[in-house]
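One structure is given here, and the rest of the page talks about it.
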Amino acid sequence: MNGVLNNSILLSKFANSNIYRTMKMANLKIWMVALTALMGVSLTSCFNSEDDPIYVDALFTKCVNSYPPTFELPGGQQLVLTTPITMNFRPGEIYYLCFQFNTDEQSVDAPSINVTLYNGIEPVSLSAKGNEGPTNISESTEANSALYAFSGSVYLTANSTNIDPFVFFDNEYLYIRPVYWVKEESNDEKQKEEFAKHAFILTYDLESINQGDTELVLTINHVITETSDELVTRNKYTLADKVYRLTSALAAFQAKAGQRPTKIKVVGQVNRNNNSLDEATENVWDYTINL
C-alpha cells in the first residue's frame, strides 16, 4: 500500500539525526519558520516571548567564513557562531542553523550578532552533493525514476504542504524539496542504505541554449543507483531538501545566450502512483528573476 514513510524525511531519524533531534528536543516547527525567514531581511522569531531575553531561532543561512563560523541571512544580517565546534564549514554552502542569544546584550537588528547553538544542535548542510549539479545534461545524469512531486501541494502529514521551489540569496541558490518513492526497510542501517541510492541531479542542456534566449531550463533528475539485480518495490514516499548553487549554470547560460536569464524553469518527471517513468508526466515550476 502506498503511503508516506515516517510522514516525511524531516521526521525520520534515518535521514538526518540532527534534524530529527531538533524536532524531538525543541518541538519547533522549524521548517515553516525557515521558509518564513526568507521573506524578511532580519530576525523575526515566533519562538520567543517578550518576557524572555533569550532569543531562539532556526533559519536558512549561507556560510561566509569558516573561522570564526559566520553565517549570513538572505537580508545580509550575519550570525557569528561562538560555540566551540569541530565541524568544518565551507563558505558558500547553505546551512540550517538553530541558535540563540541574549537580547539584553545584543539587538536583533544588529548587522552582526554573536550566537550559540541551541541545545547543542549542530548546523546541517542543505547543499546538494557535488555530483548533483547543476551540470550539463549527459546520459549518466538522466532520470531513471520518477518523483512523487517537487512542487505544488502534497500530504506529508495530516495536512497539505506546499513544496514549491524557491530562489534566494540574490538569485544565486535554488531550493528544491523533491518528494520521492522509497522502499521501507526493516532496520535503521538498511534504511540508510536505501536512502543513499537516491540522487537528485539538476541539469541544463547547453546545446539547446541559443543567442538571445531569456529562459534557463533546469531539469531535476531522480537517479537511483542499485546495488544488486534484485527487483525493488518502492511504495512509500518521503522527501529530501536540496539547495543548488546556480553560479555555474547562470554563467554557462550567459556565455551561450549573451545575457543573463530573466526566467528560470524547473521541470521533472512525476508519478503519484509509483516510480515508473513510463507512466510519469512532466511537471513544471516557473520563476521570474527579480533583477
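Before moving on, here are some points about what is shown:
- In region 183-209, the qualifying residues are those that are over 19 Å from the mean Cα position of the chain (by Cα) and of a type in the set (A, V, I, L, M, F, W, C), and the one that is surrounded by the fewest Cβ atoms within 10 Å (Cβ to Cβ) is L206.
- Subset tally (residues that are surrounded by fewer than 18 Cβ atoms within 10 Å (Cβ to Cβ), out of contact with any Ser or Thr (no Cβ under 6 Å at 6 or more places or on another chain) and farther than 25 Å from H198 by Cβ) for region 112-135: 3
- Strands (runs of 3 or more DSSP E) within region 210-264 that include 3 or more residues hydrophobic (A, V, I, L, M, F, W, C), in contact with a helix residue (DSSP H, G or I) (Cβ under 8 Å, 6 or more places away or on another chain) and surrounded by 18 or more Cβ atoms within 10 Å (Cβ to Cβ): 215-224
- The requirement of being in the same structural domain as N88 (by TED's automatic domain parsing) and out of contact with any Cys (no Cβ under 7 Å at 6 or more places or on another chain) is not satisfied by G152.
- Whichever residue in region 76-115 is under 17 Å from S66 (Cα atoms) and free of Cβ contacts under 8 Å to residues at least 24 places away in the same chain and, among such residues, is nearest to the chain's Cα centre (by Cα): N88
- Residues being in contact with a strand residue (DSSP E or B) (Cβ under 6 Å, 6 or more places away or on another chain) and within 30 Å of L250 (Cβ to Cβ) - total across region 170-196: 8
- Filtered by the rule that a residue be charged (D, E, K, R) and in a loop (DSSP other than H, G, I, E, B), region 128-185 gives K129, E142, D164, D170, E172, R177, K183, E184, E185.
- Condition check for S208: without any contact (Cβ under 8 Å) to a residue 24 or more places away in the chain, of a type outside the set (A, V, I, L, M, F, W, C) and farther than 15 Å from A249 by Cβ: no
- Residue satisfying all of: in region 48-73; over 21 Å from the mean Cα position of the chain (by Cα) and either part of a loop (DSSP other than H, G, I, E, B) or modelled with pLDDT of 95 or more (or both); nearest to F166 (Cα to Cα) among these: N48
The values are calculated or read from the model by the stated rules, or taken from the named source; none is laboratory data. These numbers were taken from a predicted model, which means no experiment stands behind them. Using ideal geometry, Cβ is built from the backbone for each residue, glycine included, and neighbour counts are taken over all protein chains shown.
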